[in-house]
Structure formats: structure tokens, C-alpha cells
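Novice: Could you have a look at this structure, given as C-alpha cells, before my questions?
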Amino acid sequence: MELPFELADIGLRGQSAIGLVAFIFIAWLFSSAKLRFPFFAAVWTVAAQIGIALFLLYLPPAREALKSLRAVVEALQAATQVGTSFVFGYLGGAEPPFEITNQSAMFNFAFGALPLVIFFSGLSALLWHWGVLKFFVRGFAFALEKIFRVGGAVALSAAANTFLGQTEAPLMIRPYLERVSRSELFVIITGGFATVAGSVMAIYAIILQNIDPSILGHIIVASIISVPAAILMAQVMIPEEKNVVPTSADAADDFSYASSMDAFVRGVTDGLGLYLNIIAALIAFTAFAALIDIMLSAAPDVAGAPLTLERILGVIFMPLMWLAGVPWSEAFSAGSLMGVKTAVNELVAYSRLSAVPDGTFSPRSFLIIIYSLCGFANFASLGIVIGGLTVLAPGRRQDVIALAPRALVAGTLATLMTGAVIGLIWIG
């Protein structure tokens, strides 16, 4: 017998509420000092996440502003296509010199969609140099420092993660990396895993625009509200030692440019590196997953179907996605996507999500999944973080190597917590 809509809705919200507690409890199980659980910080973080999400998603002016970002994505896409058409011809979107019999087959991810990373990276660097993004980051850092009682250095890096990448954000506090405490370093690393860089947000929006044309707003909100969750998960797993004074920062800025042209050119150059890294990762990890599936094909069928990596990951992450608020009937498919995101990356997971058959997920589940996937917490990022931070702070090499795998767990729990928050407040 099917439950009435209102009763079923209350049950799903309760499920997400249980998930919020469960994810914090899982982080506590990994804690290095279980007796120093930050109870008030946990309550305040959940309340802050809910408050920020309600403000950004349901306050009419904020909601309309986020919806208007669709025009931004379309403008960026159109501008980038002019460049890709000039360089790559019909592979980049120009008119083909032949008759098209299958329009969908003309889409080329490497030459059509992904080059937006290069252009947007240059544009982001320019906005940073002009102070637009810097103003937001420093304001957010001030709020984090005052509200969550973290040191200025940690707050600045965590805030920068809303738009900068895992290795770019710590550049903001490079002079402080050698002297932050072990717990603070863990917060910095976890923040990188729980958020995504601005240079790839537009790509996600293009991939998911068939689900929701205003999806860029959700990606930005996800990155913002995952920051408090990342701070909490890190503080639960590795609490600060007693009587340790938080490391302050006087708005340090080791991430600067000489001029507007320098900013744009360096941003484009960084974007090209990111573009090539994404292509390399997509080829290598997709091939690796296919190789595992080939080897698993020799095993007998399980539950009437061939054993695949996606099915294994689906089973592992199924209960976690249920705790985030996804109904049990949809939890396996959602868990598979979360597993792909962790084993490969969020880009592949979002691509899979955009291609799922109609009826696989409810609108509420779609949103929970989008928020839960929005983070760099994957195995490939471990190498990026270890390599990047050990260059920035050679003296912390052993700490970074020891903390990065635990931060991957903390970052995953943070994005799941964000998904649960959305499941709790969703009103359609």
C-alpha cells in the first residue's frame, strides 16, 4: 500500500535527518580523540547549513538570482564555441561540410564541451585579479572565522575552496602552511575534497542542463554549504589539541597576478593543464574501470546479473545514499553514481547522471544526488593533493601523506551531509 504524499514526504525528511546524525557519527568513529567531540559545533553547523540553504534556494530574490545564472552558462558556452569552432572546425561546433543524419552523434566532449574549462579558468583569474571573487572569499572567510571559531588561516583557505581548486586555495595561506596545527591542516585538506573549483562548475552545468536549466546555482550553493560541513567533519575526526591558539591570517594573498593580462594568460594556461588532466583522467580511469569489468565478467552472475564494478560500488554506497534521503528503491542506482564519483571523479558521475533513463530518480532524489556528488573527494585527487601541498609546504610532507586519505573520507561525508540537508529542506 502506497503512503499518502504528505506522510511519505515526512518519512523521507526524517530519513535525511537521521542521515545528518549518522554521517557525523561515522566521522566520530574515525576520530583520533573520541572524548573531545565538538557537540555544540555539530549542532551549530547543521543549523547553519540549513539556514544558508534555505536562504539561497527559497528566498525569492536569491532563488531568482541563482536561476538567472542559466544565462551566464549559455553566454559562456556560446563564447567558447566561437573559439572552438575556429580552432577545431565542425568538431568544435562549426557547421559540418556534410549532411548530418544523427545530430546527437555530432557532440564531441573533448573539443566541444570541455574547452570551456580553459576559457572559464582565464575568466575566473581575471575576476580574481579585479577583486570580484577576492571580495566574496574574504567576506566568507571572515564569517567562518567568527561563526565557526576557526583560525583566520583555515577560514581563508576554506572560503577560497568555494571557487579555487585543491592546490590553488592553499596558496592563499602559503606562508602559514608550515606552522598551522595538524588539526588545522586536516581542515584545509578536507575543504579541498568537499568542494569543487569554479573552473569546472560551468562544465557540470552544461552536462546537467537537461535535468535542470538553472543547475549552476545548485552547484554554487553545494560548494558553499559544504564548507561548514567539511570544517565539522575534520574537527570531529581530528579535534584540535587543548590550549592550542588558532593560526591567524591577515588576509594573506600569495595568489596574485601582475596585471589583467597576466591574470588571464596564467588562468588560461592553468585551464589548459586542467583540461589535459581531465582528458587523461577520463581516458585512464574509464579504461581501468572497463578492465575491471572485463575481469569480473569471468565470475558467475550475482542476483541474476553480471558482476560489475558499478554494481559493487552501488552496494557499498547504497546505505549511505539512503541515509542522505534517497528512497531505498532508488538508493542502489544513486550509490552506483556515488561510487563512480569516488573511484573515478565527479565529472564522470555527473555524465552518467545526465544519461539515466526517465523515472530512475524522483526530482528530490536528483537534487540530493547532485549535491552529494559535488566535491573532489576521489582517489585521483589524493595524488593531486599530496603532490601539490608537499610542494607548497615541504616540511609538512609526512603530515600531508598521513592526513590525505582520512580527509578523503571526511570530504565524502561532508558532501553526503550536504545532500542530506537538501533532502531535509526540499519543497519542490
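The values are calculated or read from the model by the stated rules, or taken from the named source; none is laboratory data. Predicted model, so just to flag it, every value in this text is computed and none were measured. We place every Cβ from the backbone using ideal geometry, glycine too, and count neighbours over all the protein chains shown.
Novice: Could you tell me which numbered condition ALA410 fails, if it satisfies all but one of (1) of a type outside the set (Asp, Glu); (2) part of a helix (DSSP H, G or I); (3) surrounded by fewer than 24 Cβ atoms within 10 Å (Cβ to Cβ)?
Specialist: Among (1) of a type outside the set (Asp, Glu); (2) part of a helix (DSSP H, G or I); (3) surrounded by fewer than 24 Cβ atoms within 10 Å (Cβ to Cβ), the lone unmet condition for ALA410 is (3).
Novice: Only one of (1) surrounded by 24 or more Cβ atoms within 10 Å (Cβ to Cβ); (2) of a type outside the set (S, T, N, Q); (3) over 25 Å from ALA202 (Cα atoms) is not met by ALA331, so which one is it?
Specialist: That leaves (1) as the condition not met.
Novice: Could you run through the stretch 43-71 and say how many residues are hydrophobic (A, V, I, L, M, F, W, C) and touching a helix residue (DSSP H, G or I) at 6+ places or on another chain (Cβ under 7 Å)?
Specialist: Adding up the residues that qualify gives 12.
Novice: Answer with yes or no whether LEU66 is out of contact with any His (no Cβ under 6 Å at 6 or more places or on another chain), closer than 24 Å to THR195 by Cβ, of a type in the set (A, V, I, L, M, F, W, C) and assigned to a helix (DSSP H, G or I).
Specialist: For LEU66, the condition - out of contact with any His (no Cβ under 6 Å at 6 or more places or on another chain), closer than 24 Å to THR195 by Cβ, of a type in the set (A, V, I, L, M, F, W, C) and assigned to a helix (DSSP H, G or I) - is met.
Novice: Return the residues of the stretch 362-378 that are in a loop (DSSP other than H, G, I, E, B) and buried (at least 24 other Cβ atoms within 10 Å of the Cβ); say none if nothing qualifies.
Specialist: Those that are in a loop (DSSP other than H, G, I, E, B) and buried (at least 24 other Cβ atoms within 10 Å of the Cβ): CYS374, GLY375, PHE376, ALA377, ASN378.
Novice: Do we find a residue being in a helix (DSSP H, G or I) and either in contact (Cβ under 8 Å) with a residue 24 or more places away in the chain or closer than 25 Å to GLY411 by Cβ (or both) anywhere in the stretch 299-310?
Specialist: Yes, that holds for at least one residue.
Novice: Looking at (1) exposed (fewer than 14 other Cβ atoms within 10 Å of the Cβ); (2) touching a residue at least 12 places away in the same chain (Cβ under 8 Å), can you tell me which one ALA289 breaks?
Specialist: Going through the list (1) exposed (fewer than 14 other Cβ atoms within 10 Å of the Cβ); (2) touching a residue at least 12 places away in the same chain (Cβ under 8 Å), ALA289 breaks only (1).
Novice: I would also like to ask the following. Where the second residue is of a type in the set (S, T, N, Q) and at pLDDT below 85 and the first is within 24 Å of GLY92 (Cβ to Cβ) and surrounded by 15 or more Cβ atoms within 10 Å (Cβ to Cβ) and lies in the stretch 56-82, which pairs have Cβ atoms under 6 Å and are six or more apart or on separate chains?
Specialist: Within 6 Å, the pairs are ARG70/SER214.
Novice: Quick test of your reading of the structure: PHE88 fulfils all but one of (1) within 24 Å of SER223 (Cα to Cα); (2) surrounded by 15 or more Cβ atoms within 10 Å (Cβ to Cβ). Name the failing condition by number.
Specialist: PHE88 satisfies all of (1) within 24 Å of SER223 (Cα to Cα); (2) surrounded by 15 or more Cβ atoms within 10 Å (Cβ to Cβ) except (1).
Novice: Of the residues GLY93, GLY165, GLY152, only one is in contact (Cβ under 8 Å) with a residue 60 or more places away in the chain and crowded, with 23+ Cβ neighbours inside 10 Å; which?
Specialist: GLY165
Novice: Follow-up. Can you pull out the residues in the stretch 200-225 that are assigned to a helix (DSSP H, G or I), farther than 26 Å from ILE401 by Cα and not aliphatic (A, V, I, L, M)?
Specialist: Result: TYR204, GLY217, HIS218.
Novice: Among the listed residues GLU184, GLU178, which satisfies the condition of being surrounded by fewer than 24 Cβ atoms within 10 Å (Cβ to Cβ), modelled with pLDDT of 85 or more and touching a Gly at 6+ places or on another chain (Cβ under 8 Å)?
Specialist: Criteria check complete, one pass: GLU178.
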